[in-house]
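Q: I'd like to ask some things about the structure below.
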Amino acid sequence: MTIDIAAFLFDTIKMATPLIFAALAALINRHAGMFNMGIEGMILCAALGAVTFAHYGGSMITGLLGGIAVGILTGLFIGFSHLTGKTDLYLTTIAFNLMATGGTVFVMYLMTGDKSTTGAAFRSYLVPNIDIPLIKDIPFLGKVLSGHSLLTYLAFVSIFLVWFLLYKTRIGLRIRSVGENPMAAESVGISVTKVGYIAFLLCGLFSGLAGTFLSMSWVSFFMKGMTSGRGYIGLSAQNMANGSPLGSALVSLLFGATTSLATTMKSQTKFPTEFLDMIPYLATILAIILTNIYKINKKRRIEKGKAAE
Amino acid sequence: MKKLLTVLAALLLCFSLVGCNKNNGGGETTPEGGEGGGEAAPLKIAYFVSHLGDKSFADSGERGMEQLRGEGYEQKTFEIGDDSSKYKDQINDAIDAGYNLIIGSSSYRDYCLELAAEYPDVKFIIFDDSFDNIPDNMAAILYSQNEGSYLVGYMAAGLSKTGQVAVNVGQDNPVIADFVTGYVNGVKDYNAQFGTDVKVVKAAVGGDHPWGDPATMKQLCLDQQRNLNADVFYQVAGGSGMGLFEACYETGTWAIGVDSDQYTTVKDGQNPEFADVIITSMLKEVGNSLVAMVHKIEAGEDVWKKVSVLGLKDDSVGYVDNDFFKANVPQELRDAMAQANADIKAGKLTVKSYYDFASEAEYDEYLASVQ
């Protein structure tokens, strides 16, 4: 098997990008005590929104903003049903995902007369790829780190922004306190509903970026069902990392790496495609088991230490 | 409140009566169709697809249906989605509504087989499939996609500067394997003729949406371009193929389209620059073949209980020979392709088919011989 390691690492980062956005979207909601499964559908809506606004607005910028706006709108829509309408969040998000699957095709058909892709009817705009001035000249590292989409760099910056927001700002503290114990938060005068809306808004923002990356960076058009479960993977990535932004990013990178490896193996090995499709998921489950074993052992050690005292 | 309930109940009754009435109506038409079966009742054609708008397979069939409607046939196309658990019921509904010629691709074969036994007076056409024990009221159409693929494979080998070409599919199945077999055969024959050693890499998109995941397809092609230096890519992957065109556009390599003339489709769209990598397309004229089949049935030809194999000589498969193709493929190569085309049509040259292999292992071996 011939494999260009630099390109492999480059792809790992590229494939992890939508997952990182999805994981960040999910973990903000999680810290506010809400397990939002609707991210898959939100990303799908945003992916369609991005190409639509790019086409009608005639530029990449309107597409980027449109994608984010649609992401935020869908987030607020779920937030509205859950927080104001008091619906069950699981049922709402499951219904929302099903609605997004059909709804995006319907809206696309109304706009383009095409039921599978916007590729023919909408002009394509791409979020630019950026060459980083100094790094791009470093032999190996330059090939791995430079030349990514603007959104990829934004994803990595976002990891630290979200960490900062959650652990270093007042609103982050409020989000976490609502997640820990809404009653207690309410009793000291924090509006659970308001904080919930902020969490859904931020979740929508990152879902919007994930969708925009899929339809305006990875490929340059929208296609029905193009998320292919990436929202769910992001969701489980943050779950594995217990809601830690950095941990979620690492899990996303692990998933990106295994997917990238499986892609190469599809061309160069005799393994059945179905088996290779399984690898990223299998690796994720194994990683969850291993991290959990590690955590349990650590807890046991601490408890033993306490008992010895 | 009570009044409202009464009105609602009345409405409910009304609607249920209307429903009954409709059912009765439907029930009456079926026996009529059955009685008329002896002296050939007028054909009412139902064409089943999961979705139109794929720019290739289903749409090509729909063009044939348009032609039939233009000829005055009563025809309706049913888009029945991806949920296969509902397929049989939906086809059954169409039969109950009086449709007596059911057309569907291999995806609907099993449901049609069950229904064919239940409704001996209804006729079925299953296309893009080959199978045994075909009932009396069913006809099957199989395309020699291997013949068309042979020609584009031959061309790909001639065009490649790096000595590595690719064929990327949505998912492996017998029909798709037939495409691959023909393509590999074309490359092998080119190698034998010119003493070259062009290799073929084959991969499948797989996953949840094998025919609609352009992102994965694009990644596959970029990967093959980088690691193996592939420079001609043949897509047999429906909607995923768009990802292949984008990858070729980015890396400056050649793409080969499938099913319909994808150069024209893309050129007419909003992003015509992506068309400038599609050197040609392997044509599979589903629509034409269905029209021809219906005409044969009307003429009383015996097409039932067997598989009709349609290939180059029936103009059911072929390749696009447009100006872009002429401008970019060298004259000698085009002549050689035309020669091979004529030889196959005349029966002088037989293209290897997937259905010739005795086992899956033999097919794998065949692929391995050019890897």
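What follows draws every value from the coordinates through simple rules; no lab data is involved. This structure is a prediction, so every number in the text was calculated from the model and none was measured. Note: ideal-geometry Cβ built from the backbone for every residue, glycine included; neighbour counts use all protein chains shown.
Q: Just to confirm a number: summing +1 for Lys and Arg and -1 for Asp and Glu over residues other than B:Val187 whose beta-carbon lies under 14 angstrom from that of B:Val187, what do you get?
A: Details: positive: B:Lys188, B:Lys199, B:Lys202, B:Lys352; negative: B:Asp189, B:Asp197, B:Asp231.
Here the charged neighbours net out to +1.
Q: Now, a different point. Considering only A:Leu44, A:Leu64, A:Leu250, give the residue with the highest GNM mean-square fluctuation for chain A, with springs between Cα atoms whenever their separation is below 10 Å.
A: Fluctuation is largest for A:Leu250.
Q: Let me ask you something else. What helices does chain A have that are whole DSSP H segments, at least 30 Å long along their own axis by Cα, and with mean Kyte-Doolittle hydropathy of 0.0 or more? The partial results should precede the final answer.
A: Numbers: long enough: A:5-31 (37 Å, 1.28); A:89-112 (33 Å, 1.36); A:192-213 (32 Å, 1.53); A:245-268 (34 Å, 0.73); A:273-308 (53 Å, 0.16).
Membrane-span-like by this rule: A:5-31, A:89-112, A:192-213, A:245-268, A:273-308.
Q: Moving to a separate point now. With labels modelled as points extended 7 Å from the Cα through the Cβ direction, what inter-label distance (nm, one decimal) is found for A:Met278 paired with A:Ile296?
A: 2.4 nm
Q: Can you give me the long-range amide H partners of B:Tyr143? Hydrogens built in the peptide plane at 1.01 Å from N, cutoff under 5 Å, separation of 5 or more residues or another chain.
A: B:Asp128, B:Asp129, B:Leu310
Q: Shape call for chain B from the C-alpha gyration tensor, a ≥ b ≥ c root eigenvalues: rounded (a/c under 1.5), prolate (a/b greater than b/c) or oblate?
A: Working: a/c = 2.42, a/b = 1.78, b/c = 1.36.
Prolate shape, in that a/c is at least 1.5 and a/b is the bigger ratio.
Q: Taking the number of other C-beta atoms within 10 Å as the exposure measure, put A:Phe271, B:Phe78 in order starting with the fewest. Could the numbers behind the result be given before it?
A: Details: A:Phe271 13, B:Phe78 17.
By the 10 Å Cβ count, ascending: A:Phe271, B:Phe78.
Q: What per residue convex hull volume, in Å³, do the alpha-carbon atoms of the protein assembly as shown yield?
A: Here the figure is 225 Å³ per residue.
Q: If I build a Gaussian network model for chain A, linking alpha-carbon pairs within less than 10 angstrom, which residue out of A:Ser267, A:Ser207, A:Ser149 has the largest mean-square fluctuation?
A: Highest fluctuation of the listed residues: A:Ser267.
Q: For the pair A:Met1 and A:Leu73, how long in nm is the line joining their label points, each one 7 Å along Cα→Cβ?
A: 4.4 nm
Q: Looking at segment A:2-73, which chymotrypsin sites (Phe, Trp or Tyr not before Pro) are DSSP coil and have at most 14 other C-beta atoms within 10 Å of their C-beta? Present the calculation step by step, with values, prior to reporting the outcome.
A: Details: sites: A:Phe8, A:Phe10, A:Phe21, A:Phe35, A:Phe53, A:Tyr56; in loops: A:Phe35.
Answer by residue number: A:Phe35.
Q: Another question about this same structure. What full-extension length gain, to one decimal in nm, is calculated for B:Glu250 and B:Leu52 as 0.36 nm per residue of separation minus the Cα-Cα distance? Walk me through the numbers on the way to the answer.
A: Numbers: separation 198, 0.36 × 198 = 71.28 nm, distance 2.87 nm.
Between B:Glu250 and B:Leu52, full extension yields an extra 68.4 nm.
Q: Which is the longest stretch in chain B that no exposed loop site breaks, taking sites as trypsin sites (Lys or Arg not before Pro) with a DSSP loop state and at most 16 other Cβ atoms within 10 Å?
A: On the way: sites that count: B:Lys161, B:Lys305, B:Lys306, B:Lys348.
That gives B:1-160 as the longest site-free run.
Q: I need the calculated FRET efficiency for the pair A:Leu161 and A:Met183, taking r as the beta carbon distance and R₀ as 30 Å, to the nearest 0.05. All intermediate terms of the calculation are to be shown ahead of the outcome.
A: Working: r = 30 Å, r/R0 = 0.99.
The calculated FRET efficiency here is 0.50.
Q: Sort segment B:329-371 into rounded, prolate or oblate with this rule: let a ≥ b ≥ c be the square roots of the eigenvalues of the Cα gyration tensor; rounded if a/c is under 1.5, and if a/c is not under 1.5, prolate when a/b is larger than b/c, oblate otherwise. Provide the component values of the computation, followed by the final result.
A: Values: a/c = 5.15, a/b = 1.78, b/c = 2.90.
Cα axes put segment B:329-371 in the oblate bin.
Q: If you line up the long axis of helix B:214-228 against the longest principal axis of chain B, both from Cα atoms, how many degrees apart are they, to the nearest 10?
A: Taking Cα atoms only, the helix is inclined about 20 degrees.
Q: In whole angstrom, how far apart do the alpha carbon centroids of segment A:213-274 and segment A:22-82 sit?
A: 18 Å
Q: Name the most mobile residue of A:Leu110, A:Leu65, A:Leu276, meaning the one with the largest mean-square fluctuation, in a Gaussian network model of chain A with Cα contacts below 10 Å.
A: Judging by the Gaussian network model, the answer is A:Leu110.
Q: Additional query: Could you check the spin-label model distance between A:Leu98 and B:Trp304? Points 7 Å from the Cα along Cα→Cβ, value in nm.
A: According to this spin-label approximation, the distance is 4.2 nm.
Q: Further question on the same structure: Distance between the C-alpha centers of segment B:284-342 and segment B:171-216? Whole Å please.
A: Measuring centre to centre over Cα atoms gives 20 Å.
Q: Less than 16 Å apart at the alpha-carbon level, and either on another chain or at least 8 residues along: which lysines does that give for B:Lys76?
A: Qualifying lysines at Cα under 16 Å: B:Lys44, B:Lys123.
Q: Equivalent ellipsoid semi-axes for segment B:44-143, as square roots of 5 times the alpha carbon gyration tensor eigenvalues: give them largest first, rounded to whole Å. Write down the numbers at each step before the final one.
A: On the way: eigenvalues 71, 48, 41 Å².
In descending order the semi-axes read 19, 15, 14 Å.
Q: As an exercise, use a Förster radius of 30 Å and the Cβ-Cβ distance of A:Ile289 and A:Lys86 to find the FRET efficiency, rounded to the nearest 0.05.
A: Details: r = 37 Å, r/R0 = 1.22.
The pair A:Ile289/A:Lys86 has a calculated efficiency of 0.25.
Q: If contacts are Cα pairs under 8 angstrom and at least 6 residues apart, what is the relative contact order of segment B:44-143 in percent?
A: Working: 148 pairs, mean separation 26.0, N = 100.
This gives 26 percent for segment B:44-143.
Q: So, one more: Express the relative contact order of chain A as a whole percentage, based on alpha carbon pairs under 8 Å and six or more residues apart in sequence.
A: 34 percent
Q: For segment A:5-308, what are the per-bin percents of Cα-Cα distances with bins 20 Å wide, up to the bin holding the maximum?
A: 32, 57, 11, 0
Q: Please identify the longest segment of chain A free of exposed trypsin sites (Lys or Arg not before Pro), where exposed means a DSSP state other than H, G, I, E or B and no more than 14 other Cβ atoms within 10 Å.
A: Details: sites that count: A:Lys86, A:Lys270.
Of all site-free stretches, the longest is A:87-269.
Q: Kindly identify segment B:103-151 as rounded, prolate or oblate by the Cα gyration tensor criterion: order the square roots of the eigenvalues as a ≥ b ≥ c, call it rounded if a/c is under 1.5, otherwise compare a/b with b/c, prolate if a/b is larger, else oblate. Working shown, then result.
A: Working: a/c = 3.03, a/b = 2.74, b/c = 1.10.
Because a/c hits 1.5 or more and a/b exceeds b/c, segment B:103-151 counts as prolate.
Q: When the gyration tensor of segment A:24-142 is built from Cα positions, what are the square roots of 5 times its three eigenvalues, in whole Å, from largest to smallest? If you can, show how the numbers build up before the last one.
A: Working: eigenvalues 180, 105, 27 Å².
Semi-axes from the Cα gyration tensor: 30, 23, 12 Å.
Q: For segment A:113-224, what D do you get in µm² per second when you plug the Kirkwood radius from alpha-carbon pairs into Stokes-Einstein at 20 °C and 1.002 mPa s?
A: On the way: Rh = 17.2 Å.
For these conditions, the coefficient is 125 µm²/s.
Q: Taking H as built 1.01 Å from N, whose amide H comes closer than 5 Å to the amide H of B:Val201, not counting residues under 5 places away?
A: Long-range HN contacts for B:Val201: B:Val165, B:Ala166, B:Val167.
Q: Suppose R0 equals 56 Å; then what is the FRET efficiency for B:Thr264 and B:Glu362 from their Cβ-Cβ distance, rounded to the nearest 0.05?
A: Numbers: r = 38 Å, r/R0 = 0.67.
For R0 = 56 Å, the calculated efficiency reads 0.90.
Q: Something else: So if I take the alpha carbon set of segment B:142-206, get Rg, then get Rh from the Kirkwood formula, what is the Rg over Rh ratio?
A: Working: Rg = 11.5 Å, Rh = 11.7 Å.
On the Cα set of segment B:142-206, Rg over Rh gives 0.98.
Q: Right, here's the next one. Listing B:Thr265, B:Thr280 from the residue with the fewest other Cβ atoms within 10 Å to the one with the most, what is the order?
A: On the way: B:Thr265 18, B:Thr280 28.
So the residues, fewest neighbours to most, are B:Thr265, B:Thr280.
Q: Counting Lys +1, Arg +1, Asp -1, Glu -1, what net charge surrounds B:Asp128 among other residues with beta carbon under 11 Å of its beta carbon? Before the final figure, lay out the partial values.
A: Numbers: positive: B:Arg109, B:Lys284; negative: B:Asp129, B:Asp178, B:Asp259.
The answer is -1.
Q: Taking a cut-off of 22 Å between Cα atoms, list the lysines near B:Lys202, but don't count ones fewer than 8 places away on the same chain.
A: List returned: A:Lys266, A:Lys270, B:Lys161, B:Lys188, B:Lys218, B:Lys284, B:Lys352.
Q: Taking a cut-off of 19 Å between Cα atoms, list the lysines near A:Lys136, but don't count ones fewer than 8 places away on the same chain.
A: A:Lys14
Q: Compute the angle between helix B:241-251 and the longest alpha-carbon principal axis of chain B, please, reported from 0 to 90 degrees and rounded to the nearest 10.
A: On a 0 to 90 degree scale, this one is about 30.
Q: Please give the net charge around A:Leu165, taking every other residue with its beta carbon less than 12 angstrom from that of A:Leu165, where Lys and Arg add +1 and Asp and Glu add -1. Working shown, then result.
A: Numbers: positive: A:Lys168, A:Arg170, A:Arg174, A:Arg176; negative: none.
Cβ neighbours under 12 Å give a net charge of +4.
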